[in-house]
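For reference, the structure is listed below as structure tokens.
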Amino acid sequence: MVTCDALIVGGGPAGSTCAWQLRRAGLDVMVVDAATFPRDKVCAGWITPQVVTALRFDTEAYAGRRTCQPITGFRVGLIGGRGETAVAYDRPISFGIRRCEFDHYLLQRADARLVLGAPIASIRRERGQWIVNDEIRAPMLIGAGGSGCPVARMLNGVTHARPLVVAREAESRIDGADAESLAIEPEVPELFFCRDLQGYGWCVRKGEYLNVGLGRLDPRSLPAATVRFIAFLEARKKIPPRFPWRWRGHAYAVNARPPRRIVDAGVLLVGDAAGIADPQSGEGIRQAVESGLLAARTIIEADGLSSRDRLEPYAARVQARFADAPISGALGRIVPDSVKIVLAGLLLEAPSFVRHVVLDRWFLHRHQLALET
Ligand SMILES: Cc1cc2nc3c(=O)[nH]c(=O)nc-3n(C[C@H](O)[C@H](O)[C@H](O)COP(=O)(O)OP(=O)(O)OC[C@H]3O[C@@H](n4cnc5c(N)ncnc54)[C@H](O)[C@@H]3O)c2cc1C
């Protein structure tokens, strides 16, 4: 039997961030992941300023041979709409990364003991210790296994009733000739809202890669909405005619009430396992990183104790950090479609609304300072 102070299930941004902080505090940490790294993850790969600061992410040192696309503006419109509203910032306001590179980098940097290519087969608790896969024993267990996390299932059962973002994306390298002919700039990703405001599509150039996708709060209409979105992008020369569409789909829970149980004796959930992605933008990397930090802070303050009451402050911290997530999905469901189409069209043509509400508030959360590390 191998032992450690903290065992983290899942080596995505939530797990690696938690591991990084616990290692910095001197704990013996193991990360178990079903995948071998580098592994990819279905994602547009947009990271916001709070992520860069909280991770102490040196974008220049990271870039080297990896993709790290500075984003200095956005174009925002309606799928099928007449045009887009452009918003520019005077410095990089976000970055576009590739998850196969980013997640691998963070996991290596965490400096934890890694057990990769090892799906979780069993979790049991004996005399205040967790025993995972009959091989690893630890007093602290952190569930960071994303939307299908086995630790989250153990704590909450299967939670079908929660609002889910269902999304599909395709990412591929674009060759020189195609890149030149595209009407989309690398520094300025484009976002297009669905007319019923139940989701949005994106078209993002990250260095030599193009990433196109669509996310919705309504799973049944995703295939038809994707077809409409692609036709719209083609007509506007936003995507090359020979783009190899290898769609990858995924569903994950957004922050909603009642919150999931994310704390119990000796166990915490972080990232998608905690169901805290942003319901407005679908952003989940920031929530993964920040919950990883908050979990590590709570474990360090508990000073070797892992009773439920010592870990309970974590739930309050997560609640305080993500409680103000807006609920446009719910609003979208009660406003009739005919009203939404007119309203959305008008609002998305107003530069001030697009900059201050859609981008600064809903997508970039500029009112929230980054967490200290
Ligand atoms: C199409 C799409 C686009 C997105 N775009 C963005 C974006 O641009 N920006 C953004 O911020 N967010 C985006 N998100 C959300 C974001 O990808 C997730 O919120 C984020 O990856 C959550 O990180 P995590 O560490 O919690 O989980 P994950 O990144 O999913 O990592 C979980 C890890 O756990 C491992 N694991 C799972 N099950 C087991 C098991 N049984 N045993 C062992 N290991 C296991 C997995 O192999 C994986 O490595 C997008 C999501 C989708 C679907």
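Residue-by-condition table, conditions (1) farther than 24 Å from Gln368 by Cβ; (2) assigned to a loop (DSSP other than H, G, I, E, B); (3) not β-branched (Val, Ile, Thr):
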position: Val42; (1), (2), (3): yes, yes, no
position: Gln50; (1), (2), (3): no, no, yes
position: Thr53; (1), (2), (3): no, no, no
position: Arg56; (1), (2), (3): no, yes, yes
position: Glu60; (1), (2), (3): yes, no, yes
position: Arg65; (1), (2), (3): yes, yes, yes
position: Pro70; (1), (2), (3): no, no, yes
position: Val87; (1), (2), (3): no, no, no
Review point. If you go through the stretch 275-303 one residue at a time, how many are of a type in the set (Lys, Arg) and more than 8 Å from the ligand (Cβ to nearest atom)?
Key: 1
Review point. Which of the residues that make up the stretch 197-252 are in contact with a Pro (Cβ under 6 Å, 6 or more places away or on another chain) and open to solvent by less than 20 Å² (accessible area, probe 1.4 Å)?
Key: Val204
**Study point:** Sole residue being open to solvent by less than 50 Å² (accessible area, probe 1.4 Å) and modelled with pLDDT under 95, chosen from Leu348, Leu359
**Key:** Leu348
Review point. Is there any pair with a first residue in the stretch 37-51 that is more than 6 Å from the ligand (Cβ to nearest atom) and a second that is basic (Lys, Arg) whose Cβ atoms are under 7 Å apart and which are 6 or more apart or on different chains, and what are they?
Key: Asp40/Arg99; Thr48/Arg286; Gln50/Arg286; Val51/Arg286
Practice item. Might you check whether a residue that is β-branched (Val, Ile, Thr), within 11 Å of the ligand (Cβ to nearest atom) and in contact with a strand residue (DSSP E or B) (Cβ under 7 Å, 6 or more places away or on another chain) occurs anywhere in the stretch 178-197? Key: no
Point to revise | Residue check for Glu126: of a type outside the set (Val, Ile, Thr), open to solvent by 10 Å² or more (accessible area, probe 1.4 Å) and either touching a Gly at 6+ places or on another chain (Cβ under 6 Å) or without any contact (Cβ under 8 Å) to a residue 12 or more places away in the chain (or both) | key: yes
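To keep it simple, each residue is scored yes or no on (1) open to solvent by 40 Å² or more (accessible area, probe 1.4 Å); (2) over 18 Å from Val9 (Cα atoms); (3) assigned to a strand (DSSP E or B); (4) not hydrophobic (A, V, I, L, M, F, W, C).
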{"site": "Val76", "(1), (2), (3), (4)": "no, yes, yes, no"}
{"site": "Arg82", "(1), (2), (3), (4)": "yes, yes, no, yes"}
{"site": "Pro92", "(1), (2), (3), (4)": "yes, yes, no, yes"}
{"site": "Phe95", "(1), (2), (3), (4)": "no, yes, yes, no"}
{"site": "Leu106", "(1), (2), (3), (4)": "no, no, no, no"}
{"site": "Arg109", "(1), (2), (3), (4)": "yes, no, no, yes"}
{"site": "Pro119", "(1), (2), (3), (4)": "yes, no, no, yes"}
Review point. So is Asp28 within 16 Å of the ligand (Cβ to nearest atom) and in contact (Cβ under 8 Å) with a residue 60 or more places away in the chain or not?
Key: no
Check your understanding: Cβ-Cβ below 9 Å, separation at least six or inter-chain, first residue in the stretch 157-174 and polar (S, T, N, Q), second modelled with pLDDT of 70 or more and open to solvent by 50 Å² or more (accessible area, probe 1.4 Å): which pairs?
Key -> Thr159/Arg153; Ser172/Pro244; Ser172/Trp245; Ser172/Arg246
Review point. Residues in the stretch 239-274 that are within 15 Å of the ligand (Cβ to nearest atom), more than 16 Å from Gly215 (Cα to Cα) and among the small types (Gly, Ala, Ser): how many?
Key: 4
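Yes or no, residue by residue, for (1) open to solvent by less than 10 Å² (accessible area, probe 1.4 Å); (2) in contact with a strand residue (DSSP E or B) (Cβ under 8 Å, 6 or more places away or on another chain):
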position: Trp20; (1), (2): no, no
position: Arg23; (1), (2): no, yes
position: Pro38; (1), (2): no, no
position: Ile47; (1), (2): yes, yes
position: Arg56; (1), (2): no, no
position: Thr59; (1), (2): no, yes
position: Tyr62; (1), (2): yes, yes
position: Arg65; (1), (2): no, no
position: Thr72; (1), (2): no, yes
Review point. Would you call Pro279 within 22 Å of Ser221 (Cβ to Cβ), open to solvent by 10 Å² or more (accessible area, probe 1.4 Å) and either within 21 Å of the chain's Cα centre (by Cα) or without any contact (Cβ under 8 Å) to a residue 40 or more places away in the chain (or both)?
Key: yes
Point to revise | Unique match (being in contact with an Asp or Glu (Cβ under 8 Å, 6 or more places away or on another chain), at pLDDT 95 or above and under 28 Å from Phe322 (Cβ atoms)) among Gly199, Gly266, Gly213 | key: Gly213
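The values are calculated or read from the model by the stated rules, or taken from the named source; none is laboratory data. Because the structure is a prediction, the values reported are computed rather than measured. In this analysis, Cβ positions are derived from the backbone assuming ideal geometry, glycine residues included, and neighbour counts consider all displayed protein chains. When the accessible area is computed, the model is the full protein with side chains, heavy atoms only, and any ligands, DNA or RNA have been set aside. Shrake-Rupley method; radii C 1.70, N 1.55, O 1.52, S 1.80 Å.
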